[in-house]
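The values are calculated or read from the model by the stated rules, or taken from the named source; none is laboratory data. Here the structure is a predicted model, which means the values were calculated and not measured. So basically every Cβ, Gly included, is an ideal-geometry build from the backbone, and we count neighbours across all protein chains shown.
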Amino acid sequence: MERPLTVGQLARATAVPAKTIRYYEQVGVLPIARRSTAGYRQYYQRDVHRLLFIRRARALRLSLPQLKVLTAELESEQCVTIRPRLQVLVTEQLGAVKRQIIEFQALEHQLTQVLQRLQTVTAAPQTNGCRCLDGTSSD
């Protein structure tokens, strides 16, 4: 028999603060935990996996309402109905990640230009500011 985890143990296992776990329960993203006879919340390995999924989905900017619907469907275990919705969500998030990668690459290029300029151009007294960013482009 699997030994239950406390909210603190679940928080450590998932890197999600206990306060956030309780909030997710309150708003319906995470099911309400069973309680021990002493009144402590009890979580199991399934809850660890679900909370890790929720943490990653939140990092990808899925909203709480989207997650609530998604996790409710996961709980109902109707894989046939959730697969198409999950594919749409994943496709949308993949597009967002790819756009962020493009932005990060543009920032990397611009920062490289600034660094090269700082390393090669002699600083001269300027009355109009540093001008270290002159000549760099984010496009």
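Summary table below
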item: Odd one out for Gln113 among (1) assigned by TED's automatic domain parsing to the domain that holds Leu10; (2) surrounded by 13 or more Cβ atoms within 10 Å (Cβ to Cβ); result: (1)
item: Residues being surrounded by 15 or more Cβ atoms within 10 Å (Cβ to Cβ), over 17 Å from the mean Cα position of the chain (by Cα), at pLDDT below 95 and hydrophobic (A, V, I, L, M, F, W, C) - total across the range 8-40; result: 1
item: Pair list, Cβ under 6 Å, 6 or more apart: the range 68-89 residue of a type outside the set (Val, Ile, Thr), other residue at pLDDT 70 or above and not in a helix (DSSP H, G or I); result: Lys68/Gly28; Lys68/Val29
item: Residue in the range 58-76 that is more than 20 Å from the chain's Cα centre (by Cα), farther than 19 Å from Val7 by Cβ and not charged (D, E, K, R) present; result: yes
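The rows are residues; the columns are (1) out of contact with any Pro (no Cβ under 8 Å at 6 or more places or on another chain); (2) within 20 Å of Gln26 (Cβ to Cβ); (3) surrounded by 14 or more Cβ atoms within 10 Å (Cβ to Cβ).
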residue	(1), (2), (3)
Arg61	yes, no, no
Lys68	yes, yes, yes
Ile82	yes, no, yes
Arg85	yes, no, no
Gln93	yes, no, yes
Ala96	yes, no, no
Glu103	yes, no, no
